[in-house]
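A short write-up of the structure that comes next.
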Amino acid sequence: MAQTQTRLDGLFSSAAKRVAPGAPGGRGLSPDRVNFAGGAPDPKSMPTKAMGAAAVRAMEKNGQWALQYGAAAGYDGLVEQLLIKLKRDNGVDVRPENVLITAGASQAIDLVCDALVDPGDTIISEEPAFLGALRLFNAHQAKIVGIPMDDRGMKMDVLAQTLADCKARGVQPKFIYTIPTFQNPTGVTTTLDRRLRILELAKEYNVAVLEDDAYFDLRFSGERLPMLITLDDAGLVIYTGTFSKIIGAGLRLGWVIGPVPLIHKVSKLKPDGGTSPFASHIVAEYAPSQLEEHVKELVNVYRNRRDAMLGALKAEMPEEITWTEPEGGFFVWLTLPEGMDSVAIQPEAAAHGVDFMPGTVFYPNQEGRRNIRLAYSFTDEETIRRGVKILAGILREYLPAT
Ligand SMILES: Cc1ncc(COP(=O)(O)O)c(C=O)c1O
């Protein structure tokens, strides 16, 4: 196996080129660059010491089990801690049978697709949407029907019409995919009346809702809104979450919550001998005494960054460019005037040391050329201000002549 090229290379070529600039592991992690591209958590805020100490305690107490294969549903000590956290912070009151620990929320979404989606099936998704979910829907050969968003969430008239059209054509969508809180990529939070309307429509058309809730805990301002799963009285909501944004993405720990038959089905589809018992034991040791406090610290860190980003945008950007004002999460979504193309601008920004994601990667069909996603999560305030200034200068050069 010494050769570096094999006949299998052709199979992987399309996957290999998908590493986005600025994605973790890509060049955007270099300290001289301004990384607005990846949705990565702040490296300096990782609770490395506390997790190290928790790891030592976990090994002393239960090391032989932490290093063993685990149960398919996940380490029950972690499930117990997760249920305590979800009840305390998120108002979700479910039983252990409703929970499966997964390798990040990404695997949770993948497993839900494994369980529910056959090639050619329809998934209704807000548009734009989380790139990782779109990739998974594509990998399952689903037909993605996008519902456009405004600053209050998915447009409800379009969702209602889409569901009616599907019904008229005899198409049963497998689920409606939504990130109602601090959406990736727009930062938008779906209003309460729209949350209720999504559930009303889901009930009327008997369609499941996949609620992806990666950012719920990171609210900087405004009132907490109830999650869809807590408003659902019909058992239609499947809920996914993650420890990636509130402890560390390297843990690869997330979860899916749903009706017991679905959880059984997805557990059977999980081929890996239980999601990392090692990481699970450490988090179960860390969470009871430290997670709540740590999340409070993170909220302060990311609030300062959001404020730095919004302040810099206001100070530097030409008035033709607009943006969302998130109340939490990691992202701001810029809209450029007619005639500008974020895909064409990206290489020039990269050449000046600023990485961002063009809007197109968040659409199934290459729309979004007039949008840019800026992540403020990874970069400190001073760098945010520097990066926005550079970017604003570049965007100004591309403004269409009036
Ligand atoms: C909305 C959303 N869902 C899911 C994920 C995946 O998270 P995980 O690291 O748990 O796989 C992300 C990560 O960026 C995300 O933004």
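The values are calculated or read from the model by the stated rules, or taken from the named source; none is laboratory data. Keep in mind it's a predicted model, so treat the numbers as computed, not measured. In this analysis, Cβ positions are derived from the backbone assuming ideal geometry, glycine residues included, and neighbour counts consider all displayed protein chains.
Please work out if Arg194 is away from the ligand (no atom under 16 Å from the Cβ) and either modelled with pLDDT of 95 or more or not β-branched (Val, Ile, Thr) (or both).
Yes.
So Pro173 clears everything in (1) assigned to a loop (DSSP other than H, G, I, E, B); (2) within 16 Å of the ligand (Cβ to nearest atom); (3) not β-branched (Val, Ile, Thr) except one condition, right? Which one?
(2)
Do you know which residues across the range 160-201 are surrounded by fewer than 24 Cβ atoms within 10 Å (Cβ to Cβ) and aliphatic (A, V, I, L, M)?
Ala160, Leu163, Ala164, Ala168, Val171, Leu192, Leu196, Leu199, Leu201
For Asp165, indicate whether it is assigned to a helix (DSSP H, G or I), within 16 Å of the ligand (Cβ to nearest atom) and of a type outside the set (A, V, I, L, M).
no
Name the one entry in Glu223, Glu204 that is modelled with pLDDT under 95 and in the same structural domain as Leu78 (by TED's automatic domain parsing).
When all the criteria are applied, what remains is Glu223.
Pairs only if they're at least six apart or on different chains, beta carbon under 7 angstrom, first in the range 168-191 and at positive phi, second at pLDDT 95 or above and within 10 Å of the ligand (Cβ to nearest atom); list them, first residue then second.
Phe182/Tyr215; Phe182/Gly329; Gly187/Gly329; Gly187/Phe331
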